[in-house]
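Bear in mind these aren't lab numbers, they're just calculated from the coordinates by the rules spelled out. All of these numbers come straight from a predicted model, not from anything done at the bench.
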Amino acid sequence: MLSPHEFAALLLVGGTRDLDALDRGDLASLVERQLVALDRLVGGRQVRLTARGASVVKAVTRRPQ
């Protein structure tokens with residue numbers, strides 16, 4: 001189960017590519033759970049949602065009809 005901080009970080013990943021905006025501990029936990037991935041780029045690293053992470057975000061942001 002995700003902590004509230006990890007959950008908030010997961011939601012932020014979809015909106016930011018800046019690793020400095022995310023808590024390192026929360027980010028490490030999300031990587032460990034395979035919800036986000038760190039990609040190496042020429043100028044540094046970039047964070048992105050995995051398919052599993054995107055599914056979690058979609059499930060919790062879905063509005064009831």
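Summing -39500 (n - 2.57) over the DSSP H runs of n ≥ 4 in the chain and dividing by its residue number, what mean residue ellipticity at 222 nm do you reach, to the nearest 500 deg cm²/dmol?
-13500 deg cm²/dmol
Rg/Rh for segment 4-60: what does it come to with C-alpha atoms and Rh from Kirkwood?
Rounded to two decimals, Rg/Rh equals 0.94.
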